[in-house]
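Below you'll find the structure, written out as structure tokens, and then a few comments.
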Amino acid sequence: MIGLMDCNSFYVSCERLFRPDLRECPVVVLSNNDGCVVALSREAKQLGIRRGTPYFKVRSLLISCGAAVFSSNYTLYQNISNRVMAVLGELFGEVEVYSIDEAFVHFPLDMPGSVEQAAGAAKEHIERMVGIPVSFGFARTKTLAKAANRMAKQSSCPEGVYVLDESREEEVLRRFPVTDIWGIGSRKGRWLLQRGVVSAWDLRLAPSYWIKEHLSLVTLRTHWELQGRPSIGPETPGAPRKGILSSQGFSREITELFPLSQAVATYAERAAGKLNDQQSTAGYVTVFVRTNRFRHDLQYAREVTLRLDPPTGSSTEIVAAAQRGLRIIFREGYSYAKAGVLLSGIDLPEALQQNLFISRDDRRQRLELAVQQLKSNYGRRVIHTLSSGGEHSWAMRQEYLSPRYTTNWKELPMVR
């Protein structure tokens, strides 16, 4: 059987990991620039707060209830996620990480005991070794395992483990809304509802030819998965991403070229770091800027794509190309709210066609490897290009950021 492990209220659980005094307290985690609520504890949900609510609308309520508010601490969350996945791999061997807080596992045929016993033991082991509560849902396919995991989180399943065997599928899928199925978005869900497909069971019973004619191949695979036919294969581990985006809204709007150039250089450097992490090269750099479309000021949005010839993974060349692109699209007189850099045309170095007229410079490649190693060991800002340096007055607002307990020597938790 295929299982889905999901960390319960992951961002909140990470914040509570080093703050046991918050175990029974309402806790919320905010999005970039402290804009909206992206994660909340059970106690915060009981206050009537919903995910996606702008923080300024619930700020007074949270203060009056003594709630704890945190900015998103992605460095902490990723490190804790790595620990959870490592323990999961020791228990099940084959693990397919789906997101920062989810992973698919396969129940080995030679594992002693039942699925419930093995999953229960794994849940206890992860909570003991890492301190993060998790839930498991097992079924015949990934889509059914997603539904099973949702059942595992309900109050009727206090153990946090639910096995959706074939005898239970009809009962569960009849009560499962079609709009909540993995892979069925809100737009597609509305289309199905208008045609009488209300539950997951209705989609399972729908004719395959009808789905193939009116919907996509992805929906057809979901339909087969609901029937118990595995149709979603594992993602290739380590496969290079075909596009790498680095973008962020500014904490304050920018009107001048210099701070905007500084931001674009920073984003280009981050994208180049991700490119080097997967040992790839990029053939194109796209730079974009835009104003705040929610304000009544003058609006402007534009992007430009530059070719890298030959394709490269050098952060200095990518930053330089991004800077050239910004100078092309920058216009004075606008208040810019966001910028970003997209790398595309990504491939492995050995797949590139060499240029007879440009000699290969191994020194540049060794320099890039050394730079990335320094950043990996000491933090991404320990060394950087000159154009991305200086004070980042536009940087993301994080007024409620918790310490990076597990990755920064200066922020280790103190025991008294």
Hits in the stretch 2-44 (condition: at positive phi and in contact with a helix residue (DSSP H, G or I) (Cβ under 8 Å, 6 or more places away or on another chain)): 9, 34
For residue 219: the one exception among (1) free of Cβ contacts under 8 Å to residues at least 12 places away in the same chain; (2) surrounded by 12 or more Cβ atoms within 10 Å (Cβ to Cβ); (3) not charged (D, E, K, R): (1)
Selected residue (criterion: farthest from the chain's Cα centre (by Cα)) from residues of the stretch 51-86 that are over 29 Å from residue 128 (Cα atoms) and loosely packed, with under 12 Cβ neighbours inside 10 Å: 64
Matching entry among 12, 38, 29 (being touching a residue at least 24 places away in the same chain (Cβ under 8 Å), under 30 Å from residue 89 (Cα atoms) and part of a helix (DSSP H, G or I)): 12
Those residues of the stretch 390-416 which are under 27 Å from residue 337 (Cα atoms), in contact with a helix residue (DSSP H, G or I) (Cβ under 8 Å, 6 or more places away or on another chain) and not basic (Lys, Arg), in sequence order: 390, 392, 393, 394, 396, 398, 399, 400, 402
Residue match in the stretch 205-216 (condition: under 19 Å from residue 138 (Cβ atoms) and either out of contact with any Asp or Glu (no Cβ under 8 Å at 6 or more places or on another chain) or of a type in the set (S, T, N, Q) (or both)): no
Only one of 302, 331, 307 that is without any contact (Cβ under 8 Å) to a residue 40 or more places away in the chain, under 27 Å from residue 368 (Cβ atoms) and of a type in the set (Lys, Arg): 307
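Read-outs throughout are calculated quantities, based only on the coordinates presented, and are distinct from any laboratory measurement. Remember, predicted model here, so these are calculated numbers, not experimental data. All Cβ positions, even for glycine, are placed from backbone atoms using ideal geometry, and neighbour counts span all protein chains on display.
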